[in-house]
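Trainee: Could you have a look at this structure, given as structure tokens, before my questions?
Rule-based calculations on the coordinates, nothing more; no lab input. Quick caveat: nothing in here was measured; it's all calculated off a predicted structure. Using ideal geometry, Cβ is built from the backbone for each residue, glycine included, and neighbour counts are taken over all protein chains shown.
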DNA sequence: ACTATTTCCTGGATGC
DNA sequence: TGCATCCAGGAAATAG
């Protein structure tokens with residue numbers, strides 16, 4: 001599932017591949033679930049637009065669009081949800097099931113948005129207006145970070161998933177960061193000591209950057225190819241390792257459910 | 001102002 | 001083999 005590191009890698013790959021290209025025409029499927037803007041608004045914004053740059057904002061992919069004369073035109077915002085994919089491929093590649101949008105590029109290739117579960121979202125907004133709902137976990141300072149969490153009664157795991165606080169952390173990296181910080185996911189955010197908060201503050205960018213580094217190449221391949229390559233591999237220390245030995249102390253990793261989300265932790269290493 | 005729960009959606013895994 | 005059921009989860013919507 002695409003979280004900050006995956007979105008970062010995909011956005012970089014897209015930028016590398018499509019920056020400077022022009023969208024000649026657009027096909028939009030009939031399913032409205034993945035559309036946050038009206039289809040005609042999306043088509044109007046995209047058709048004839050030049051892709052100036054593609055980057056990550058929180059868990060969103062933001063494409064800055066410009067007119068032929070170089071003036072700002074707007075932004076195309078893509079959220080991948082759970083299963084969203086963005087493919088850049090030649091038009092003769094078979095169109096996968098659950099393709100919701102195809103942008104035909106002047107270079108002859110196609111940019112396709114595919115999303116079986118339709119938790120992803122497409123929208124267009126005016127130029128330079130899109131911002132993440134919360135703080136960027138790679139940029140934030142400790143005082144600000146600390147203020148986000150120190151008064152919350154919700155479990156720290158839930159707080160980490162709240163995009164209005166930090167934008168970009170999902171279920172996997174929340175678990176991984178909490179493991180490295182030595183903090184159990186069910187702990188109330190407000191109960192973390194300053195020391196624990198600081199450990200968490202340091203663990204988050206470490207985990208995210210490691211993931212970006214580890215995932216970079218395979219995701220690039222994925223975007224580059226026709227789309228069926230495996231998702232990126234990462235060394236998870238707790239996520240998805242229920243019952244397996246903790247890599248530090250060999251204690252079996254526990255899995256619990258916190259507000260409907262599976263959460264993994266080592267009962268010995270995390271307090 | 002917060003927090004917790006429900007809902008959206010499909011495919012893969014599981015159980016009988 | 002086939003059919004039903006459950007589960008995965010980001011974030012918006014709803015309820016408390």
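Trainee: So for chain A, averaging the separation of alpha carbon pairs under 8 Å that are six or more residues apart and normalising by length, what relative contact order in percent results?
Mentor: Working: 575 pairs, mean separation 49.0, N = 271.
Here the relative contact order equals 18 percent.
Trainee: Follow-up. Apply 1/(1 + (r/R0)^6) to the Cβ-Cβ distance of residue A:128 and residue A:83, taking R0 = 22 Å, and write down the FRET efficiency to the nearest 0.05. Please report the intermediate quantities before stating the final value.
Mentor: Details: r = 30 Å, r/R0 = 1.34.
Result of the calculation: an efficiency of 0.15.
Trainee: Tell me the mean residue ellipticity at 222 nm calculated for chain A from its helices only (DSSP H runs of n ≥ 4, each -39500 (n - 2.57), averaged over every residue, nearest 500).
Mentor: -9500 deg cm²/dmol
Trainee: Per the Kirkwood formula on distinct C-alpha pairs, the Rh of the stretch A:74-218 is how many angstrom?
Mentor: 17.4
Trainee: If you don't mind, there's one more thing I want to ask. Quick one: angle between helix A:171-181 and the longest Cα principal axis of chain A, in degrees between 0 and 90, rounded to 10, please.
Mentor: Approximately 40 degrees, to the nearest ten.
Trainee: So for chain A: antiparallel DSSP bridges make up what percent, rounded to the nearest 5?
Mentor: On the way: 42 of 44 bridges.
Restricted to chain A, the bridges split so that about 95 percent are antiparallel.
Trainee: Using the Kirkwood radius built from alpha carbon pairs, what does the Stokes-Einstein equation give as D for the stretch A:58-139 at 20 °C and 1.002 mPa s, in µm² per second?
Mentor: 151
Trainee: Can I ask one more? For chain A, what does the equivalent ellipsoid look like in terms of its semi-axes, each the square root of 5 times an eigenvalue of the Cα gyration tensor, given largest first in whole Å?
Mentor: That gives 37, 20, 15 Å for the three semi-axes.
Trainee: Could you tell me the distance between the Cα centroids of the stretch A:1-72 and the stretch A:148-197, to the nearest Å?
Mentor: 31
Trainee: Note the full-extension length gain between residue A:257 and residue A:36 as 0.36 nm times their separation in residues minus their Cα-Cα distance, in nm to one decimal. If you can, show how the numbers build up before the last one.
Mentor: Working: separation 221, 0.36 × 221 = 79.56 nm, distance 3.01 nm.
Net length gain for the segment: 76.6 nm.
Trainee: Which order, highest average first, do A:50-57, A:34-41 follow once you tally other Cβ atoms within 10 Å for each residue and take the mean per peptide? Walk me through the intermediate numbers first.
Mentor: Values: A:50-57: 19.6, A:34-41: 16.1.
Most protected by this proxy first, the peptides run A:50-57, A:34-41.
Trainee: Here's another thing I want to ask about it. Determine the gain in length on full extension of the stretch residue A:151-residue A:19; use 0.36 nm per residue of separation and subtract their C-alpha separation, reporting nm with one decimal.
Mentor: On the way: separation 132, 0.36 × 132 = 47.52 nm, distance 4.29 nm.
Here the answer is 43.2 nm.
Trainee: Give, in nm to one decimal, the length gained when the segment between residue A:188 and residue A:235 is fully stretched (0.36 nm per residue of separation minus the Cα-Cα distance).
Mentor: On the way: separation 47, 0.36 × 47 = 16.92 nm, distance 2.72 nm.
My answer for the length gained is 14.2 nm.
Trainee: Cβ neighbours within 10 Å, averaged per peptide: list A:89-95, A:250-256 in order, most packed at the top.
Mentor: Details: A:89-95: 12.0, A:250-256: 15.6.
Top to bottom by mean Cβ count within 10 Å: A:250-256, A:89-95.
Trainee: Taking just the alpha carbons, could you work out the radius of gyration and Dmax for the stretch A:1-68, both in angstroms?
Mentor: Every Cα atom of the stretch A:1-68 included, Rg and Dmax give 12.8, 35 Å.
Trainee: Then there is this: Could you tell me, in Å, what Rg and Dmax come out for the Cα atoms of the stretch A:133-201?
Mentor: 10.4, 27
Trainee: Using alpha carbons only, how many degrees (0 to 90, rounded to 10) separate the axis of helix A:194-224 from the longest principal axis of chain A?
Mentor: Once rounded, one gets 40 degrees.
Trainee: What is the ratio of the Cα radius of gyration of the stretch A:1-140 to 2.2 N^0.38 Å, where N is its residue count, to two decimals? Can you show the working numbers first?
Mentor: Details: Rg = 14.0 Å, N = 140, 2.2 N^0.38 = 14.4 Å.
Normalised Cα radius of gyration, the stretch A:1-140: 0.97.
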